[in-house]
Amino acid sequence: MLPEAAGFALAGLAAYAADLGLFLWLRGPAGLGPLTAKTLSFAAGCTVAYLGNAIGTYRRRAAAVGGVRRVRRFAVFFAVNVAGALVQLLCLALSHYGLGLTSARADAVSGAGIGMALATCLRFWGTRTLVFRAERVPEGEAGRVPAGETGQVPAGE
């Protein structure tokens, strides 16, 4: 599981960089409002994370799927990421409004610290089990060698 978690983390870091970079550009030079800029940068970050996981971390699981199933898989991935964003917002709202911890530091700890950690766990679980789940081998197929293959490695390899 460690290589999987590392690949997931690398895809997440690339997505975070894309999200942050695009948000800063859209708010600055592009002159968009904060909600529009964040919506667009969030969508771009989700796309980068999806591609990183589909091409990297879960490439073996993703390779077997095409067409409509690939679009469905991206939609589920996007929904898992929205759920993660909601977890972060919930942590921030609970801390800020529920507990009365209203300083900038408290907001950063609850939203970008605790909220991010919980959201990352949710995203990892969701990506692994809902988006790029391992294909089940039908009963009676386990251990079966496809026709024309002996399952033996030729000498010298």
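Computed values, structure above
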read-out: Filter pass, residue 80 being of a type in the set (A, V, I, L, M, F, W, C), assigned by TED's automatic domain parsing to the domain that holds residue 119 and part of a helix (DSSP H, G or I); value: yes
read-out: Selected residue [modelled with pLDDT of 95 or more and surrounded by fewer than 13 Cβ atoms within 10 Å (Cβ to Cβ)] from 122, 118, 99; value: 99
read-out: Candidate set from segment 52-65 (those that are assigned to a helix (DSSP H, G or I) and touching a helix residue (DSSP H, G or I) at 6+ places or on another chain (Cβ under 8 Å)); member that is nearest to residue 133 (Cα to Cα); value: 62
read-out: Condition met for residue 68 (under 22 Å from residue 127 (Cβ atoms) and surrounded by fewer than 14 Cβ atoms within 10 Å (Cβ to Cβ)); value: yes
read-out: Exclusive hit being modelled with pLDDT of 90 or more and in a helix (DSSP H, G or I), set 35, 22, 92; value: 22
read-out: Answer from 8, 74 - the residue that is farther than 19 Å from residue 113 by Cα, in a helix (DSSP H, G or I) and among the aromatic types (Phe, Trp, Tyr); value: 74
read-out: Test: residue in segment 29-43 that is β-branched (Val, Ile, Thr) and either surrounded by 13 or more Cβ atoms within 10 Å (Cβ to Cβ) or on the phi > 0 side of the Ramachandran plot (or both); value: yes
read-out: Pairs with Cβ under 7 Å, 6+ apart, first in segment 77-97 and closer than 17 Å to residue 132 by Cα, second among the β-branched types (Val, Ile, Thr); value: 77/127; 77/131; 80/127; 80/131
read-out: Residue list for segment 6-18, restricted to those being within 16 Å of residue 123 (Cα to Cα) and either without any contact (Cβ under 8 Å) to a residue 60 or more places away in the chain or loosely packed, with under 13 Cβ neighbours inside 10 Å (or both); value: 6, 7, 9, 10, 11, 13, 14, 15, 16
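The values are calculated or read from the model by the stated rules, or taken from the named source; none is laboratory data. Computed from a predicted structure; not experimentally measured. Note that each Cβ is placed from the backbone with ideal geometry, even for glycine, and that neighbours are counted across all protein chains shown.
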